[in-house]
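Take a look at the structure set out below.
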Amino acid sequence: MNYKQKILSRIENFDSNQVFIANDFFDIAGYETVRSTLNRLVEDKVIIRIMKGIYYKPKYIELIGEYEAPSVNEVANAIARKYNWTIAPSGNTALNLLGLSTQVPAKWTYISDGRYVSFSFGNATIEFKRRNNGDVSKMSTLTAMVIQSIKAIGKDKITSKQIDYLREKLSEKEKSELLADSKTTSAWVYGVIKKISKV
């Protein structure tokens, strides 16, 4: 099997919403080979280039006769992998991804230990806001996302219904990790997390 077939075989095994970058294939071949192979696959309409260096294999939806759009969150994670950033959804993005809000964000925002920058593709805009490392790097994405969603709702504004929702959504393991990881956050947020984790 040559490099192109190996790369194509891996792409075919990806989930339909997987967004990928050249780095995801460096165990198969070097940068130039991977890049030229991905460019050829774009030209052959096997994969789609979302933006420079970010790709996905679209799934065709028979029902509407269109290709499925890439997940904005998957695109954000691929950008983070490309630049080696640690990121976590914040604000309305965190609320939407956790299911605390059905409103689709006009701008998808993430806190990051990378630079302050935004990217646009299709109708979506992804904004990365630089934060100090403690906000993102020493905790799981889930913990950071829960903390960011609590902050987005606001002090004294989180309802018992929202707390119950998160308590039911998270597994026991996730709740104990959340409790352990979030000790460095502000006291009022930690108080809410203790309720979610039922301590």
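Just so it is clear, none of the values below were taken in a lab; they were calculated from the coordinates. If you're wondering where the values come from, they're calculated on a predicted model, not measured in any experiment. Virtual Cβ from ideal backbone geometry, glycine too; neighbours counted across all protein chains shown.
With contacts defined as alpha carbon pairs under 8 Å and 6 or more residues apart, what's the relative contact order of the range 1-125 in percent?
Across the range 1-125, relative contact order equals 19 percent.
Charges on Cβ only, +1 for Lys and Arg, -1 for Asp and Glu, centred on the Cα centroid of the range 5-81; of Asn23, Val75, Leu8, which one is farthest towards the dipole's positive end?
Asn23
Of Asn13, Asn77, Asn132, which is the most mobile in a GNM of the chain whose springs link Cα atoms less than 10 angstrom apart?
With Cα springs under 10 Å in the chain, the top fluctuation among Asn13, Asn77, Asn132 is at Asn13.
Enter the mean projected area of the convex hull around the alpha-carbon atoms of the range 1-47, in nm², rounded to one decimal.
Hull-based average projected area comes out at 3.1 nm².
Go through the range 81-88 residue by residue and turn each phi into a ³J(HN,Hα) via Karplus (6.51, -1.76, 1.60, θ = phi - 60°); whole Hz please, and just put x for glycine and proline.
In residue order, the calculated couplings are 5, 4, 9, 6, 9, 9, 10, 8 Hz.
Among 190-197, 2-9, how do they line up by average Cβ neighbours within 10 Å per residue, starting with the highest?
190-197, 2-9
Any idea which of Gln103, Thr33, Asn92 is furthest toward the positive side of the dipole for the chain, if Lys and Arg beta-carbons carry +1 and Asp and Glu beta-carbons -1?
Most positive-ward Cα: Asn92.
Take each of the peptides 53-62, 84-93, 16-25, average the number of other beta-carbon atoms within 10 Å over its residues, and list them starting from the highest.
84-93, 16-25, 53-62
So if I take the alpha carbon set of the range 59-192, get Rg, then get Rh from the Kirkwood formula, what is the Rg over Rh ratio? Intermediate results must be reported in sequence, preceding the final value.
On the way: Rg = 15.8 Å, Rh = 15.8 Å.
Expressed as Rg/Rh, it is 1.00.
Would you mind working out the magnitude of the charge dipole of the chain relative to its Cα centre, with +1 at each Lys and Arg C-beta and -1 at each Asp and Glu C-beta, to the nearest 20 Debye?
Values: 30 positive and 21 negative charges, 133 e Å.
The calculation lands at about 640 debye.
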